[in-house]
Amino acid sequence: MRYELSVVPFGAAPHLSDLEALAGRGIAVPHHYRLEDALPRGSTRFWCRVLDANGSLISGFAFTRFWNRTVPGARSIRIERFGRALHEPIHRDAGTVFKALAQQHRLLLRVLVELFDEDGVRRDVAVQSLLEQGGLPQEHTRNYSETLSVDLQGSPDEIFARFSSSTRRNIRSVEKSGATIVEVTDPRYLPRLAELYAQSFERTGAVPPHADFAAIQREAENGKHAILLGCIWPTRTPPNDLVAFVWGRSHGDHGSYDIGASERAPDLGRVPLIYPLLWNLIQWSKRSAHSWFDLGGVIPADAPEDHPLRGISAFKMGFTDRRVAISSEVWIEPNRVLSGVSERIKTLRK
């Protein structure tokens, strides 16, 4: 099939009207395509309209263009969350589409396609299309390749009953502590959010990914496309009374748990603070008419016992044991000369 690609600035009128048109057809639009995330310096986000031969919109995707660190003057492109019903009209021709996009950019070293689709057959079709155009599958991916999925069918009581007995007990124990769950809308809590976030990663020895909490708070203002929930401790004063938080997003037909953090301190005892927050996040997703909830990744089933994220994965598995393969990543290198230069520079730097 013949396609026409039209690239427009992210957040411009054609982009926003396209999203409304696609959502109006009942197509789930991921959160990433609606709102501008904080980007590294030198990066720019665009919206690519995919039109048929008659000029009618059939699909679209967001992509980020950024300077490549290896080859001076060269750029790379990253496509996030390609897949699912939004891209089903073009998933068999994904390789052709992205190769055509690459031809519109000078000095383009790489195109990274991040495929995200719980339908393994559909995802594999798109991957195969990319491989046929010279794509290279990536063993080590930027995003999680498996996740835990909470089924949101049934009433809240029925969903709650499917949790493990220890998870249900932990949720109730926080409720008995006098702590309350609120939406974090007060900007006074912004430094506290950043502090808790940093502490959480320090405990695992990992470097925290960038998080713009001012932007997160703005996006969560009306609770439609995202929500920021906090646990308030009764014996403390603001802003230190915020002892844990979670941030979740809506992707049209499902929700996701994206960021969470909590404090550990003597006056808090051993109260499992994140449990009721995640339960409230799941209930928000249910109220948003989502059919399932993405717990944001899980370590491989055969991961070693000393894996630094084993505790976090065990916590999530108390809510569901439904493990789903969900993502793949493929590189396309459209310019062989630049690819050769890049490999040569890497060799010289070793």
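Of all DSSP beta bridges in the chain, what percent run antiparallel (nearest 5)?
Values: 51 of 60 bridges.
Taking every DSSP beta bridge with both residues in the chain, the antiparallel ones total about 85 percent.
With K and R counted +1 and D and E -1, the other residues having a Cβ less than 11 Å from that of Trp233 yield a net charge of -2.
For region 130-262, what number results from the quotient of the Cα radius of gyration and 2.2 N^0.38 Å?
Region 130-262 yields a ratio of 1.27.
Solvent exposure of the chain amounts to 49 Å² per residue of accessible area, where only protein heavy atoms count and the probe is 1.4 Å. The calculated FRET efficiency for Ala325 paired with Thr204, based on their beta-carbon distance and R0 = 22 Å, is about 0.35.
Solvent exposure of Ser291, expressed as accessible area, is near 50 Å², computed with a probe of 1.4 Å over the protein chains only. The stretch between Phe66 and Val121 holds 16.7 nm of extra length on full extension. This uses 0.36 nm per residue minus the Cα-Cα distance.
Nonpolar atom fraction for region 41-192, defined as the carbon and sulfur part of the 1.4 Å probe accessible area, stands at 47 percent.
What FRET efficiency comes out for Tyr144 versus Arg349 if R0 is 22 angstrom and r is the Cβ-Cβ distance? Round to the nearest 0.05.
0.15
Rounded to 0.05, the FRET efficiency of the Arg336 and Ser164 pair, given R0 = 56 Å and the Cβ-Cβ distance, is 0.60.
Comparing Glu219, Glu139, Glu88 in a Gaussian network model of the chain (Cα springs below 10 Å), the most mobile by mean-square fluctuation is Glu139. Fully extending the segment from Gln103 to Val182 would add 23.6 nm, taking 0.36 nm per residue of separation and subtracting the current Cα-Cα distance.
Electrostatic bookkeeping for Pro276 treats Lys and Arg as +1 and Asp and Glu as -1; over the other residues with beta carbon under 12 Å from its beta carbon, the sum is +3. Where both bridge residues fall in region 23-156, DSSP classifies roughly 70% of the beta bridges as antiparallel.
Sorting Val125, Val50 by accessible area puts them as Val125, Val50; the probe is 1.4 Å, largest comes first, and only protein heavy atoms count.
Here Asp157 sits with roughly 120 square angstrom of accessible surface, probe radius 1.4 Å. Toward the positive end of the charge dipole of region 121-261, with +1 on the Cβ of Lys and Arg and -1 on the Cβ of Asp and Glu, the farthest Cα among Ser164, Thr237, Ala211 is that of Thr237. Between Ala214, Ala13, Ala314, the GNM of the chain built on Cα springs shorter than 10 angstrom shows Ala13 fluctuating the most.
Which of rounded, prolate or oblate describes region 303-350 when judged by the alpha-carbon gyration tensor and an a/c cut-off of 1.5? Intermediate results must be reported in sequence, preceding the final value.
Working: a/c = 6.53, a/b = 2.32, b/c = 2.82.
Since a/c reaches 1.5 but b/c is at least a/b, the shape of region 303-350 is classed as oblate.
Using Cβ point charges alone (K and R +1, D and E -1), the dipole size of the chain about the Cα centre works out to roughly 780 debye. Across the options Phe116, Ala102, Ser129, the greatest Cα extent toward the positive end of the charge dipole of region 96-140 (unit charges at beta carbon of Lys, Arg, Asp, Glu) belongs to Ala102. Is the C-alpha gyration tensor of the chain telling us rounded, prolate or oblate? Criteria: a/c under 1.5 is rounded; beyond that, a/b larger than b/c is prolate, otherwise oblate. Because a/c hits 1.5 or more and a/b exceeds b/c, the chain counts as prolate. Taking Gly260, Gly311, Gly248 as the candidate residues, the one with maximal mean-square fluctuation in a Gaussian network model of the chain, Cα springs under 10 Å, is Gly311. A probe of 1.4 angstrom, applied to the heavy atoms of all protein chains, finds Lys286 with accessible area near 60 square angstrom.
If a/c stays under 1.5 just call it rounded; otherwise compare a/b with b/c (prolate if a/b is bigger, oblate if not). Do that for region 205-330, with a ≥ b ≥ c from the square roots of the Cα gyration tensor eigenvalues. Mind dumping the intermediate values first?
Details: a/c = 1.65, a/b = 1.14, b/c = 1.45.
In terms of gyration-tensor shape, oblate.
For the chain, what does the helix formula give at 222 nm: sum of -39500 (n - 2.57) over DSSP H segments with n ≥ 4, over the residue count, nearest 500 deg cm²/dmol? Working shown, then result.
Values: 11 runs with 114 residues, N = 350.
Mean residue ellipticity at 222 nm (helix-derived): -9500 deg cm²/dmol.
The values are calculated or read from the model by the stated rules, or taken from the named source; none is laboratory data. Small disclaimer: the values here were computed from a predicted structure and weren't measured. Here the Cβ is made from the backbone with ideal geometry for all residues, glycine too, and neighbour counts use every protein chain on show. SASA here: full protein model, heavy atoms, side chains in, ligands and nucleic acids out. Shrake-Rupley method; radii C 1.70, N 1.55, O 1.52, S 1.80 Å.
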